[in-house]
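Novice: Take this structure first; my questions come after.
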Amino acid sequence: MSRAVPVLLFILVALPACGANANSVRPLATPIPIATAIAPPTSTIPLPPPTPTPRVILYVVQEGDTLLSIAERYGTTVEAIIAANPDLENPDWIQIGQELRIPVASDEETTP
């Protein structure tokens with residue numbers, strides 16, 4: 001152990017003698033600047049066509065109507081009619097004269 005101390009002291013004393021000082025210490029790696037701007041994608045993949053927004057018509061329930069028959073008449077689904085009528089308490093029971101909102105595609109015929 002007595003020999004390690006003089007060797008260590010020699011290294012510490014020898015560094016200043018070689019011209020090294022605390023201000024001349026260099027980092028091991030040089031930082032590389034990173035660009036922050038990102039170029040827009042140049043993809044040529046076609047986008048799908050936009051989904052048409054359904055519009056809603058008011059329909060007055062007639063004798064013999066069911067949600068299924070109304071849905072088939074307007075090219076929609078029973079689930080879409082139920083979703084468009086959140087105040088519909090029982091979808092299995094509709095009354096003559098009751099007004100229902102029927103979602104239809106914007107380009108479809110709106111007369112029954």
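The values are calculated or read from the model by the stated rules, or taken from the named source; none is laboratory data. Keep in mind that what you see is a predicted model, and the values were worked out from it rather than measured. Neighbour counts run over all protein chains shown; Cβ positions are idealised from the backbone, glycine included. With ligands, DNA and RNA removed, areas are computed over all heavy atoms of the protein, side chains included. Shrake-Rupley method; radii C 1.70, N 1.55, O 1.52, S 1.80 Å.
Novice: Take Ala35 and decide whether it is open to solvent by less than 100 Å² (accessible area, probe 1.4 Å), among the hydrophobic types (A, V, I, L, M, F, W, C) and modelled with pLDDT under 70. Step through it out loud before you land on a result.
Specialist: Details: open to solvent by less than 100 Å² (accessible area, probe 1.4 Å): yes; among the hydrophobic types (A, V, I, L, M, F, W, C): yes; modelled with pLDDT under 70: yes.
So Ala35 fits the description; yes.
Novice: Considering only segment 72-93, state which residues are in a loop (DSSP other than H, G, I, E, B) and out of contact with any helix residue (DSSP H, G or I) (no Cβ under 9 Å at 6 or more places or on another chain). So that I can check it myself, show each step before the final result.
Specialist: Quick first cut of segment 72-93, residues in a loop (DSSP other than H, G, I, E, B) only: 75-77, 85-93.
Hits for segment 72-93 are Gly75, Asn85, Pro86, Asp87, Glu89, Asn90, Trp93.
Novice: Do any residues in segment 86-105 that are surrounded by 13 or more Cβ atoms within 10 Å (Cβ to Cβ) have Cβ atoms under 7 Å from those of residues that are modelled with pLDDT under 90 and hydroxyl-bearing (Ser, Thr, Tyr), where the two are at least six apart or on different chains, and which pairs are they?
Specialist: Final answer for the pair search is Val104/Thr110.
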